[in-house]
Amino acid sequence: YGSAKSALIAHLVVRHCVEFKGARAMLCRRSGPDLRRTVWKEVLDHMSEDFVEGVDYWIKETEMSVRLKNGSEIITGSWADKRYKKFRSIKLSMLVIEEIVENDDQDEEAFKQLNARLRRIPKVPENIFIGATNPDAPSHWVWKYFIEPNSNGSKHAFRHVFYSRTEDNP
């Protein structure tokens, strides 16, 4: 709590989409209304600091999406409806799941479907997945997938865990 996860996500998403022409980043959260109140708002605030709406980017508020003048996109998704297969035709170069531990074992399917959408835009050389959250119990699937392979002196080749604390946030 208070470690500036949403601010960091906003910066990384905008940077990815500006740096790579034709990139597509997807911001996700289990609940669409929660997504709208948090990281979606943070991304729009972040963009408004350095870019001009209607010149550098265009917002479709009803779809919660942004199109940048270089052809990159920021889109959003949620799965409280449990319709995980709706993501199957999406091509992504960046995926962010905010508060990933709020997803139960059944919702792990959303992660699997979305993670499989990465690396589908060949002209974008950088493909990133970010699961931002506060830690959960070692029995949670997120812990097993991310934390466990990077503990007890082990380091996973592709999965990295970054820890931040409120007192580290200036």
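The values are calculated or read from the model by the stated rules, or taken from the named source; none is laboratory data. Small disclaimer: the values here were computed from a predicted structure and weren't measured. Don't worry about glycine lacking a Cβ; one is built from the backbone with ideal geometry, like all the others, and counts go over all protein chains shown. The protein model used for the area step is the full one, side chains on, heavy atoms only, and it has no ligands, DNA or RNA in it. Shrake-Rupley method; radii C 1.70, N 1.55, O 1.52, S 1.80 Å.
A few comments on the model shown:
- Residues in segment 51-63 that are open to solvent by less than 40 Å² (accessible area, probe 1.4 Å) and acidic (Asp, Glu): Asp56 only.
Each row is one residue, and each column tells you yes or no for (1) of a type outside the set (S, T, N, Q); (2) at pLDDT 80 or above; (3) open to solvent by 70 Å² or more (accessible area, probe 1.4 Å).
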site	(1), (2), (3)
Tyr84	yes, yes, no
Ile97	yes, yes, no
Thr133	no, no, no
Pro138	yes, no, yes
Arg159	yes, no, no
Tyr163	yes, no, yes
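Residues checked against (1) over 28 Å from Trp143 (Cβ atoms); (2) out of contact with any strand residue (DSSP E or B) (no Cβ under 7 Å at 6 or more places or on another chain); (3) among the aromatic types (Phe, Trp, Tyr):
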residue	(1), (2), (3)
Val14	yes, yes, no
Phe20	yes, yes, yes
Arg29	no, no, no
Pro33	no, yes, no
Trp40	no, no, yes
Gly77	no, no, no
Lys82	no, yes, no
Asp104	no, yes, no
Gln113	no, yes, no
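A quick yes/no check of all residues on (1) touching a residue at least 60 places away in the same chain (Cβ under 8 Å); (2) in contact with a Gly (Cβ under 8 Å, 6 or more places away or on another chain); (3) of a type in the set (A, V, I, L, M, F, W, C):
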{"residue": "Asp56", "(1), (2), (3)": "no, no, no"}
{"residue": "Glu61", "(1), (2), (3)": "no, no, no"}
{"residue": "Gly71", "(1), (2), (3)": "no, yes, no"}
{"residue": "Ser89", "(1), (2), (3)": "no, no, no"}
{"residue": "Asp107", "(1), (2), (3)": "yes, no, no"}
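- Scanning segment 16-36 for residues being closer than 21 Å to Glu63 by Cβ and surrounded by 18 or more Cβ atoms within 10 Å (Cβ to Cβ) gives a total of 12.
- If the condition is being part of a loop (DSSP other than H, G, I, E, B) and aromatic (Phe, Trp, Tyr), then segment 1-54 contributes Tyr1, Phe20, Phe51.
- Count - residues of segment 15-35 that are under 19 Å from Gly77 (Cα atoms) and free of Cβ contacts under 8 Å to residues at least 40 places away in the same chain: 1
- Residue among Val43, Val39, Val13, Val66 that is closer than 25 Å to Glu102 by Cβ, open to solvent by less than 30 Å² (accessible area, probe 1.4 Å) and at pLDDT below 95: Val39
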